[in-house]
Structure formats: C-alpha cells, structure tokens
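In what follows, a single structure is set out as structure tokens and then discussed.
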Amino acid sequence: MPVLSYASIIVKPHFLNLLETFYLPLGRKLRPALKSLILALLPGIDEEGGEYFDETFNLLESIRAAVGEDTYFWQCFLLATITSHARRQGALAFLTRKLPKLDNEEALTSALVSPEPGLLLRSFSAGLHDENLLVQRGFLDLLVQSLPLSSPILQK
C-alpha cells in the first residue's frame, strides 16, 4: 500500500482521513496488519517539512495508542525499519522524535527492547548500513544521542 509514496497532493489527505476514520477505531484488531500499516505511513514522514508530516505523524501516534500495546507496536516498527530500506528515512524521523534515551537500567524494561533487544540493535545496524548516506548519518546521530556504548542494552 505505497499510496503516500506515489499519490498526488489531492489524494493524500483523503487517504489519511480514510485510515483515521475506518482503521483507527479497530484498535487492537489492527495487530495483524500493523507492520503493513506502519510501512504505508512512513513515506508521509520522510520529510520533516513536508505538507502532511504532522498529520501523518499524529496518525501514526494514534495508531500506536489504539493498538494499546507499546511492545507490539515497537516490534512491528523496528521490523519495518529492518526490512524496508525505502522506508528508513521516515522511520528515522519517527525515531528521532520518539526514541527515549536508553542509557540506564530502566532501559532494559523499555517497550523498545522487551522482549527482544536484538530488534533495536538490528534496526540500528540496518540504518547504519543503508545505501543512503543521509540515513546512515541520521542513524549514527540517533545512536550517539540515545544509545551510548555504556548502555545496559549493549552491555548485557
């Protein structure tokens, strides 16, 4: 569903409205389609100055709240980041705003790393190995800011 990647400016707000009207009320029933839904929305936040950035970002946050389980949302989000290099710019924009600093013992129980901390590390690895230099740089900056080498996630 790459609508946001290729749709005209006229179609994008209707698409976002469609998702908000019909998908968002499904709440926890969105779980089977969550990764695909995330992949569909990430192109809308590729550019932080984009016309529909705020609306798409807020919809993604609303979906996160509607699913009701942060751990599952982050698993799907990180898997989307790992598996789709074309969506990493949008994932980076979301992570830049939403990734907490993971530098203390509480980080080990964070929804980002529970139950599988390997997903977070693999998503950073995928971002650092991306062919786009801006994505690499963005993930490196994010790594330095949010996941220092002394972090318990990396040490344990």
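Using beta carbons and a limit of 7 Å, which pairs, at least six apart or on different chains, have the first residue in the stretch 91-116 and under 21 Å from Thr56 (Cβ atoms) and the second one exposed (fewer than 15 other Cβ atoms within 10 Å of the Cβ)? Note: pairs meeting the criteria are Ala93/Glu48. Any chance the stretch 129-139 includes a residue that's within 23 Å of Asn58 (Cα to Cα), over 13 Å from the mean Cα position of the chain (by Cα) and either in contact (Cβ under 8 Å) with a residue 60 or more places away in the chain or not in a loop (DSSP other than H, G, I, E, B) (or both)? The answer is yes, given that some residue of the stretch 129-139 is within 23 Å of Asn58 (Cα to Cα), over 13 Å from the mean Cα position of the chain (by Cα) and either in contact (Cβ under 8 Å) with a residue 60 or more places away in the chain or not in a loop (DSSP other than H, G, I, E, B) (or both).
If you go through the stretch 1-13 and keep only what is without any contact (Cβ under 8 Å) to a residue 24 or more places away in the chain and loosely packed, with under 11 Cβ neighbours inside 10 Å, you end up with Tyr6, Ser8, Ile10.
Mind telling me which of the residues Glu69, Glu61 ends up being of a type in the set (D, E, K, R) and more than 13 Å from the chain's Cα centre (by Cα)?
Every option except Glu69 fails the conditions.
Answer yes or no as to whether Val113 is under 21 Å from Lys35 (Cβ atoms) and of a type in the set (A, V, I, L, M, F, W, C). Yes, satisfied.
Within the stretch 146-156, restricting attention to residues that are surrounded by 13 or more Cβ atoms within 10 Å (Cβ to Cβ) and over 16 Å from the mean Cα position of the chain (by Cα), which residue is nearest to Arg87 (Cα to Cα)?
Leu147
Helices (runs of 4 or more DSSP H) fully within the stretch 1-100 that include at least 3 residues being of a type in the set (D, E, K, R): 53-67, 88-98. Taking the criterion of being out of contact with any Phe, Trp or Tyr (no Cβ under 8 Å at 6 or more places or on another chain), of a type outside the set (Val, Ile, Thr) and in a helix (DSSP H, G or I), the residues of the stretch 140-156 that qualify are Leu140, Asp141, Gln145, Ser146, Pro152, Leu154, Gln155.
Each reported figure results from applying straightforward, stated rules to the coordinates on display, with no laboratory input. What you are looking at is a predicted structure, and each value in this text was computed from that prediction instead of being measured. Backbone-built Cβ (ideal geometry, glycine too); neighbour counts: all protein chains shown.
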